[in-house]
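Data block below; observations after.
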Amino acid sequence: MKQKYFRLACFISFASLLYIGCKDQDPKLKKSGGEEVEKNNTETKPLDTISYNKILQQIANGDTTGKWPTKAPYPLPGAILPFYRIVAFYGNLYSKRMGILGEIPKDSMFNKLHQEIAKWKNADSSLPIMPALHYIAVTAQGSPGKDGKHRMRMPFHQIDTIIKWAKEIKALVFVDIQVGHSTVKDEVPALETYLKMPQVHLGIDPEFSLKNGEIPGSKIGSFNADDVNAAIDFLADVVKKNNLPPKILVVHRFTQGMITGYEKIKKVPEVQVVMDMDGWGDKILKRSTYLRYIYKEPVEFTGFKLFYKNDTKTGAEQFYTPEELLKFIPKPSYIQYQ
């Protein structure tokens with residue numbers, strides 16, 4: 001019963017964020033400036049496979065089941081994971097209710113992000129921290145919009161702002177997609193301008209993928225392996241065509257049904273897949289979700305989301321600390337704050 005409550009709580013939380021205070025149709029997309037982004041340095045050192053294997057064993061945290069570390073081809077040179085732990089702030093600039101990124105002014109947000117990074121450095125000095133801004137670039141909508149897709153693409157000038165902000169603190173950028181009634185195959189290519197940049201990576205959210213015509217927010221959506229692989233294929237092609245280091249793909253998950261056919265998700269040298277535990281609630285419920293849907297169904301790397309408000313509804317002590325999360329099997333490589 002507790003687990004059932006947790007799923008419902010997650011659903012209600014995200015459904016309440018659908019309205020973002022802007023027009024309910026896709027704005028005309030403007031070309032990205034791009035001038036503020038540094039050119040890709042194609043000269044990368046060969047992959048240190050000895051360090052790679054050693055860190056993977058450390059992340060597995062003593063797992064004896066054989067699930068972790070997972071079996072996958074070595075990534076291309078320049079891979080971020082597992083050599084760094086990523087600490088990201090999540091949100092959208094049009095809304096103060098969708099996450100810390102957009103909720104508070106930029107300088108205050110940067111200060112808070114640096115505070116979280118300091119906590120992780122103190123908890124685990126074995127891995128350097130890579131900051132990130134995880135931006136919802138396509139938001140699900142309760143209304144269909146002109147094309148009936150129940151999603152809104154953010155204007156490019158807003159994504160450009162995130163790119164500029166990230167450059168100030170030498171952070172990665174993740175552009176995140178809530179497809180609504182659209183598809184991964186249709187939405188990811190629209191962001192190719194950004195994904196060609198070496199510091200920009202991708203997130204996809206099955207919660208808002210409604211395949212049978214339901215209104216986003218009325219139920220929890222899903223992706224199958226084909227949906228996830230469509231993103232992987234596109235990212236791999238971008239990497240090959242532009243001589244880039246591997247891209248990271250973050251896939252959100254907090255229920256069994258959100259991802260089907262996990263064992264069919266591709267593992268390729270060009271893309272590093274992070275399955276991100278995306279639910280909120282008290283510590284027992286969040287740990288249970290991580291065990292049931294992230295640990296037991298291994299893909300490649302793992303992530304864990306922390307909610308400043310919703311995780312603390314029953315008390316501040318329910319907010320996981322870095323020291324506590326480092327006891328998980330496997331240790332999460334990607335930490336997201338909302």
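Rounded to the nearest angstrom and listed largest first, the equivalent-ellipsoid semi-axes of region 247-338 from its Cα gyration tensor are 24, 13, 11.
Take 174-180, 297-303, 240-246 and order them by the average number of nearby Cβ atoms within 10 Å per residue, most first; the result is 174-180, 297-303, 240-246. Rounded to the nearest whole Hz, the Karplus-based 3J(HN,Hα) values (6.51 cos²θ - 1.76 cosθ + 1.60, θ = phi - 60°) of region 133-145 follow the sequence 10, 9, 10, 6, 8, 9, 10, 5, 10, x, 9, x, x, with x at glycine and proline.
Report the label-to-label distance for residue 308 and residue 61 in nanometres (one decimal), using points 7 Å from each Cα along the Cα→Cβ vector. Each label point lies 7 Å from its Cα, and together they span 2.5 nm. For residue 67, a cut-off of 20 angstrom between C-alpha atoms picks up these aspartates and glutamates, skipping any fewer than 8 places away in its own chain: 263, 276, 297, 300. In this structure, the amide hydrogen of residue 250, modeled 1.01 Å from its nitrogen in the peptide plane, lies closer than 5 angstrom to those of 202, 203, 204, 274, counting only residues at least 5 positions away or on a different chain.
When Rg and Dmax of the Cα atoms in Å is computed from the coordinates, the matching label among [x] 18.5, 53; [y] 20.7, 69; [z] 20.6, 74 is [x]. Converting phi to 3J(HN,Hα) with the Karplus coefficients 6.51, -1.76 and 1.60 and the offset θ = phi - 60°, region 114-130 yields 5, 5, 5, 4, 4, 5, 5, 4, 5, 6, 8, 8, 6, 10, x, 9, 10 Hz in sequence order, with x at every glycine or proline.
Could you please state, rounded to a whole Å, how far the C-alpha centre of region 298-323 is from the C-alpha centre of region 246-295? For region 298-323 versus region 246-295, the Cα centre distance is 14 Å.
From the cross-link list 164/196; 149/286; 119/309, which pairs have alpha carbons spaced over 22 Å apart? Write out the running numbers ahead of the final one.
Details: 164/196 16 Å; 149/286 32 Å; 119/309 19 Å.
Result: 149/286 exceed 22 Å.
Taking every DSSP helix (H) stretch of at least 4 residues in the chain, weighting each as -39,500 (n - 2.57) and dividing the sum by the residue count yields a mean residue ellipticity at 222 nm of -8500 deg cm²/dmol. Listed by Cβ neighbour count within 10 Å, with the fewest neighbours leading, 327, 211, 286 appear as 327, 211, 286.
Taking every DSSP beta bridge that has both ends in the chain, the antiparallel portion is near 10%. The distance linking region 61-116 with region 151-193 is 16 Å (Cα centroid to Cα centroid, whole angstrom). A simple spin-label model places the labels of residue 126 and residue 167 3.7 nm from each other, with each point 7 Å out along Cα-to-Cβ.
By count of other Cβ within 10 Å, fewest leading, how are 84, 135, 194 ordered?
Exposure proxy ranking, most exposed first: 84, 194, 135.
Which pairs break 27 Å Cα to Cα here: 146/219; 112/146; 219/247; 167/240? The answer is 112/146; 219/247.
Compactness ratio for region 102-213: Cα radius of gyration over 2.2 N^0.38 Å (N = residue count) comes to 1.22. Here the Karplus curve 6.51 cos²θ - 1.76 cosθ + 1.60, taken at θ = phi - 60°, turns the phi angles of region 241-247 into couplings of 5, 10, 6, 9, x, x, 8 Hz, with x standing for Gly and Pro. Neighbour counts of other Cβ atoms within 10 Å put 321, 49 in the fewest-to-most order 49, 321. Across region 185-250, the fraction of Cα-Cα pairs farther apart than 21 Å, rounded to a whole number, is 29%.
No lab work stands behind these numbers, since they all come straight from the coordinates. Every value quoted in this text rests on a predicted model; they were computed, and no experiment measured them. Note that we place each Cβ from the backbone using ideal geometry, even for glycine, and neighbour counts take in every protein chain shown.
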